[in-house]
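Structure record follows, encoded as structure tokens.
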Amino acid sequence: MDDLLSILILEHDADDIELIQYELRKGGIVFNACIAHDQGSYEHALKDFSPQIILSDYSLPSFDGIHAFRIKQEICPDIPFLFVSGAIGEENSIELIKSGVTDYVLKDKLFTLPLKIDRAMSEWREKQAKREAEQKLIKSEKLLAEAQAIARMGNWEIDMVGHVHTWSDEFFNIFGIDRARHQPSRELFLSYVIEEDREQVGNAMQQSQAIIKDSSFNFRFRRSDGEMRHGRSEWKFDLDDSGRPLRQYGIVQDITESVKAEQEILRKNEELRNLSGHLQNIREDERKHIAREIHDELGQQLTALKMDIGWVMHKQPGADEAVTNKLKDVLKLCDDVINTVRRISSELRPAIIDDLGLIAALEWKCNDFEEKTGMACQFISEIKERKFDNDIGINIYRILQETLTNVSRHAEAKAVFVYLSESPEGLVLEVRDDGKGIPDERVNNGKTLGIIGMKERAKLLGGTLEISGTEGKGTCTKLILPNTK
């Protein structure tokens, strides 16, 4: 042994003490010894010297080895204890070993002492390592149990060879099952699953075991106290070298709170979507009203002003040329203002969508886009004009309007193709350009307000909006709206 070993020697004979230390050194044991002669010095050494091993004579003048061993058991029970005696007897030695004494050495065979010390210390270290491992296991099991309780998650296991089911404590707690009264089984688990989900859950479990496939499912269950909860289970398989299943193991988790939170979020989102739809309807009504006011009132007043200027021009024969030219300029300005009023009015709310219908409005928008941008914009409709609900018509128009605005600002395209059709999915509006292509991160980053607005309009109508781009080949915006007939 290379490490310094602290040895407590309980011996009254000085010659025997010297012989013991001689044999220790001879056997290569590096040690620090403390000598005790009686009970007082022995107890003091046990507390202050902190020995790693004790060598004790069996018979002492006023104090015997059995008593010394019992004192050691009370103060430091884990320390190895060896008797070094002249004669113990075979029967006594067996009883001593049974009582917990580590070993014994006869004084006429002290040469065996180093070997027995080595063996005793090896056994002690093994016991210490085992005890530490057990303590760590107990601690880790406690931490696992605490974590499972916090996460409301239990684990389970099925020995697929012996068909033995094992559930953790938290598994029992989740369902409110008394562990002392129930044996884990598939049937016990299914008995707590609510009737509406039981067949589906049972089939999922059976199919997974039949094809040996990792799987998961959500389910609803009723605790033993009658409270209904939401759960989730996931599992995997351990296989042998031939692929035969040895073990199925997994978790079961109470996800009631997250399900409630998700439902609350969905409810809030629905409320926000309804509010957004309501605000959009109000905004469209206001746009419609303002557009009519501008077109009818301001347009009529400008037309009257133009007529008055014409009347003045005709009532001044031989008028000064400069005055005439100025009046002509004013007439032209009136025409420009009238055109501006019409443009603003149509941008606020295109009258054509109310007068001629959605398809005519979409075609007009494409022609207007081509005229203003110089970019070719082809419109093709496979469906005939029909009466659409106001919400559907104006939202489709606004989505096309926003899409074309994005094309003009960002796409660097030369041509746009707008295609309106019907499929089994519903009404489909598809807008394609030959520009540089929108990156996926811009579509999905949640920061592009125009895209967010278009998607919200689609959702309000129960539809979907898909935007995809290919670098150098353009962008496709596809709106699908069901039940528009």
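The values are calculated or read from the model by the stated rules, or taken from the named source; none is laboratory data. Note that the structure is a prediction, hence the values are computed from the model and not measured. Neighbour counts run over all protein chains shown; Cβ positions are idealised from the backbone, glycine included.
The figures follow:
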{"quantity": "Test: S93 is buried (at least 17 other Cβ atoms within 10 Å of the Cβ), in a helix (DSSP H, G or I) and out of contact with any helix residue (DSSP H, G or I) (no Cβ under 8 Å at 6 or more places or on another chain)", "calculated": "yes"}
{"quantity": "Any chance I20 is of a type in the set (A, V, I, L, M), in contact (Cβ under 8 Å) with a residue 60 or more places away in the chain, assigned to a loop (DSSP other than H, G, I, E, B) and under 15 Å from T112 (Cβ atoms)", "calculated": "no"}
{"quantity": "Residue within segment 251-268 that is of a type in the set (G, A, S), surrounded by fewer than 16 Cβ atoms within 10 Å (Cβ to Cβ), at pLDDT 80 or above and under 30 Å from S185 (Cα atoms) present", "calculated": "yes"}
{"quantity": "Pair list, Cβ under 6 Å, 6 or more apart: segment 243-258 residue farther than 29 Å from G162 by Cβ, other residue part of a strand (DSSP E or B)", "calculated": "I255/H230; I255/R232; T256/R229; T256/H230"}
{"quantity": "Where a residue in segment 123-135 is on the phi < 0 side of the Ramachandran plot and its partner, wherever it lies, is not in a helix (DSSP H, G or I), with Cβ under 6 Å and at least six apart", "calculated": "W124/P80"}
{"quantity": "Flag if D178 is under 28 Å from the mean Cα position of the chain (by Cα), charged (D, E, K, R) and surrounded by fewer than 17 Cβ atoms within 10 Å (Cβ to Cβ)", "calculated": "no"}
{"quantity": "Every residue from segment 77-105 that is touching a Leu at 6+ places or on another chain (Cβ under 6 Å) and either of a type outside the set (D, E) or not assigned by TED's automatic domain parsing to the domain that holds A120 (or both)", "calculated": "L82, V84, T102, V105"}
{"quantity": "Any hit, segment 41-52, residues being part of a helix (DSSP H, G or I), aliphatic (A, V, I, L, M), surrounded by 15 or more Cβ atoms within 10 Å (Cβ to Cβ) and in contact with a Leu (Cβ under 9 Å, 6 or more places away or on another chain)", "calculated": "yes"}
{"quantity": "Unique residue being surrounded by 15 or more Cβ atoms within 10 Å (Cβ to Cβ) and not in a loop (DSSP other than H, G, I, E, B) when the list is L115, L110", "calculated": "L110"}
